[in-house]
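The values are calculated or read from the model by the stated rules, or taken from the named source; none is laboratory data. Nothing here was measured: the structure is a model prediction, and the numbers come from that model. FYI the Cβ positions are ideal-geometry reconstructions off the backbone, even for glycines, and counts take in every protein chain you see. Keep in mind that these areas ignore ligands, DNA and RNA; they rest on the heavy atoms of the full protein, side chains included. Shrake-Rupley method; radii C 1.70, N 1.55, O 1.52, S 1.80 Å.
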Amino acid sequence: MTRPPTLDPDWTPEAVVFDCDGTLIDSEQHWQRARAIVLRAFGHAPDEEFAQRAKGLHYRDCGVLMAELVGEPDYAQEMTQQLLSTFRALVAREPVSTRGARELVRTLERVAPLAVASNCPEDVVRFSLESVNLHRHFRHIVVPDDRIRPKPHPDTYAEAARRLGVPGGRALAVEDSVNGMKAAVAAGLRVVGVGPRPAPEGIALADLWVTSLDDPALMAWARSRPTAEGRRPGRPEAPAGGTADAKVPRPGGPTSQDPAGAS
């Protein structure tokens, strides 16, 4: 059951940060198939519990999890590489954007600058976005590196907002995984959660939950936002219209960012 679609007509994000896998790209099916292919090569069939544990994990952590699952922890690096290569092949064969992704991206691009925050390697994210012709809409792609920790740490979302020139509290995250929502909330962003089967924890973290990005209330809210051009200094922000009954709960207070490098 989803939360009522309630987006605040009085708030307009100054930046929007999207997750990639499962949010913009219908790639969770590819990750699931890739994990299954690699695990079966080691004589193990994944179950639903494993699928839930693996969703939203950094790919290296997923490799470790798979190696532990098959009882071969020393094979974590090999399984990680097999996972990535199998995933790339599946995406290349069948690239698919999620429902409503193209329209929402194009609409919000007129409102605020966009970035992507992902746990995947940058070349995989870039490849995935280019495969569905979405890459050109995003100014930055932020992924974990030596100083940016993966989700659920806040670093990817905090860094994306920083590169777009706004504090986290003035930015919106669009995310499908609980780990990603934890990261966005910890970085101070408001969150639109997306997915067909929200976990209770996901609903609690999100300001709004929709089953897909073409949700009518979400699209109506996005279209009613004043454009970035209309919000230039010296020009009053145009009043938003068309969603008079909509209201998203504002964060209860500022969220302190977990400093990069802390555990």
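Can you give the FRET efficiency to the nearest 0.05 for ALA199 and GLU229, using r as the Cβ-Cβ distance and R₀ = 30 Å?
Working: r = 39 Å, r/R0 = 1.29.
Calculated transfer efficiency: 0.20.
Give the distance, in whole Å, between the Cα centre of segment 92-117 and the Cα centre of segment 47-72.
Using only Cα atoms, the two centres lie 28 Å from each other.
Round to a whole number: what % of the accessible area of segment 1-134 belongs to carbon and sulfur, probe 1.4 Å? The partial results should precede the final answer.
Numbers: 2780 of 6050 Å².
About 46 percent, which is the carbon plus sulfur part of the accessible surface.
Search the structure for amide H atoms under 5 Å from the amide H of GLY188, placed 1.01 Å from N in the peptide plane, and list their residues when 5 or more places away or on another chain.
For GLY188, whose amide H was placed from the backbone, there are no distant partners under 5 Å.
Provide the per residue accessible area, probe 1.4 Å, for segment 52-115, rounded to a whole number of square angstrom.
50 Å²
Sequence-distant or interchain residues sharing an amide H contact under 5 Å with VAL194, placed H: which?
Amide H neighbours of VAL194, under 5 Å, 5+ apart: GLU175, ASP176, VAL210.
Would you mind classifying segment 51-172 by shape? Square roots of the alpha carbon gyration tensor eigenvalues, ordered a ≥ b ≥ c; an a/c under 1.5 is rounded, otherwise it is prolate if a/b is larger than b/c and oblate if not.
oblate
Give the accessible surface of segment 143-220 per residue, rounded to a whole number of Å², with probe radius 1.4 Å and ligands, DNA and RNA excluded. Provide the component values of the computation, followed by the final result.
Numbers: 2740 Å² over 78 residues.
On a per-residue basis, segment 143-220 sits at 35 Å².
What percent do you get for the relative contact order of segment 33-81 when only Cα pairs under 8 Å and 6+ apart count? Each step should come with its number before you reach the end.
On the way: 36 pairs, mean separation 15.1, N = 49.
Computed value for segment 33-81: 31 percent relative contact order.
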